1. Which condition from (1) assigned to a helix (DSSP H, G or I); (2) surrounded by 15 or more Cβ atoms within 10 Å (Cβ to Cβ); (3) at pLDDT 90 or above is the one that Val121 breaks?
2. Within region 156-179, is even one residue modelled with pLDDT of 80 or more, outside the structural domain of Tyr327 (by TED's automatic domain parsing), crowded, with 16+ Cβ neighbours inside 10 Å and more than 22 Å from the chain's Cα centre (by Cα)?
3. Answer yes or no as to whether Leu306 is more than 27 Å from Pro183 (Cβ to Cβ), surrounded by 13 or more Cβ atoms within 10 Å (Cβ to Cβ) and in contact with a Phe, Trp or Tyr (Cβ under 6 Å, 6 or more places away or on another chain).
4. Mind checking which residues of region 296-330 are of a type outside the set (A, V, I, L, M, F, W, C) and part of a helix (DSSP H, G or I)?
5. With the condition kept exactly as written, say whether any residue in region 47-56 is assigned by TED's automatic domain parsing to the domain that holds Lys123 and modelled with pLDDT under 85.
6. Working carefully through the options Glu308, Glu279, Glu317, find the one that is under 24 Å from Tyr209 (Cβ atoms) and assigned by TED's automatic domain parsing to the domain that holds His348.
7. Among (1) at pLDDT 80 or above; (2) under 20 Å from Leu233 (Cβ atoms), there is one condition Val105 misses while meeting the rest; what is its number?
Amino acid sequence: MKKLISKSILLITLLLAIGNVSFSQVLEDYNPKWQEGERETWFSSNDRLILELDLETFPLAYFSFEFPDHSVVFVGEKLWFFTDQDTAFTEQVEVLKQEFPESNVSLTVFKNGISSEQASVRKILKSEPIESSANTIGLVSEKRNLNRQGVRDFFIVGMITCLLMITLYKSAYPFIFAMMIKPISLLNAEDFSESGSLQKFFSGDILLYVYIVNMLLSLAMVTAMVVFRQEWLELRLELSFKTLIALWLLGSLLLLILTILKFTAIRILSYLFDLGKLEFAHFFYLLRLVVIATIFLILVCAFFLLNEFSAIKMALEASFAGFFWIYIVGILGLFLIMVNRLGFKKYHLFTYLCIAELVPFLILAKLVLDLGY
């Protein structure tokens, strides 16, 4: 009797388990069709899987997708989504075609060291439940409509324009250019001598130099905004090449205005603190630091945009964090130079630098952080 009851319970359990399983017919298995991409040139992306998807046949069927963690998925030239962890989900063919209105689209998965065994794409007759485990979670990434090539075109045009202006400026003002760009000035602090040579901030040559620096900084900031806050931008603007160029030029102009206001504030504070003509040495010392940090930002953007697009978000996060700490260290270095060379009281200089530099910079960094996240 006990054996009969045990067999009955086992049979009922199996029937219930079978009843909860939803079978699905595989219409097409795309996994054997994966093409593993390799680095072709220094500018091309590597470590990628490429697959052609048919969006014309079986519009009521579903695609079953499985992607590994930290993958960046493109459909055509548009960034579809990125994964923070292993991801498995289904998407109806008809819904996918509404988002990408083409008969055949190219699916590209970027990840360092990815292989065809790590990703899976199948076309199935009906949506099947995806088993969750510690390494397979539902879709956690946000879909985007970022055109990768459009961002690259914008950045390349902006960078070439900046390089052209730098070349023209170097030809027109070689002495000022050499004096303003050399990193050794951060150590010897030659501008803090009584015979400092930069005493005409509002002259055309100095303002042009400041504007070129702001063009470089604006180029990095607009690129970062597209990477971090694309959806926020799309709610307000129609992102295109012309729009990005307009944002870049407008940002350069706004940064120039802020720079002029900052210099004016430093001049007023130096007068109130009775520091003489210290504002020139103060301003141009930190401007050199900004130039070096901005050039580093541009190089990072250029490398990851043209070579490792999938890792650009992490690279920019680290770069902007580095920019923040470099500026903080620059303020500390400025304090030490002023104490050793100018003979003012330490608390007097500390109060001056907090009002003129530290507090405004921390407020600006907080606003940028809130905008980025």
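1. (1)
2. no
3. Values: more than 27 Å from Pro183 (Cβ to Cβ): no; surrounded by 13 or more Cβ atoms within 10 Å (Cβ to Cβ): yes; in contact with a Phe, Trp or Tyr (Cβ under 6 Å, 6 or more places away or on another chain): yes.
No; evaluated as a whole, the condition is false for this residue.
4. Ser310, Lys313, Glu317, Ser319, Gly322, Tyr327, Gly330
5. Yes, region 47-56 contains a residue that is assigned by TED's automatic domain parsing to the domain that holds Lys123 and modelled with pLDDT under 85.
6. Details: Glu308 fails: under 24 Å from Tyr209 (Cβ atoms); Glu317 fails: under 24 Å from Tyr209 (Cβ atoms).
Testing whether each residue is under 24 Å from Tyr209 (Cβ atoms) and assigned by TED's automatic domain parsing to the domain that holds His348 leaves just Glu279.
7. Of everything listed in (1) at pLDDT 80 or above; (2) under 20 Å from Leu233 (Cβ atoms), Val105 misses just condition (2).
To keep it simple, each residue is scored yes or no on (1) polar (S, T, N, Q); (2) more than 16 Å from Ala311 (Cα to Cα); (3) crowded, with 21+ Cβ neighbours inside 10 Å.
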site: Tyr62; (1), (2), (3): no, yes, yes
site: Ser71; (1), (2), (3): yes, no, yes
site: Gly76; (1), (2), (3): no, yes, no
site: Thr87; (1), (2), (3): yes, yes, yes
site: Gln92; (1), (2), (3): yes, yes, no
site: Phe100; (1), (2), (3): no, yes, no
site: Phe110; (1), (2), (3): no, no, yes
site: Ser115; (1), (2), (3): yes, yes, no
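The values are calculated or read from the model by the stated rules, or taken from the named source; none is laboratory data. Because the structure is a prediction, the values reported are computed rather than measured. Note: ideal-geometry Cβ built from the backbone for every residue, glycine included; neighbour counts use all protein chains shown.
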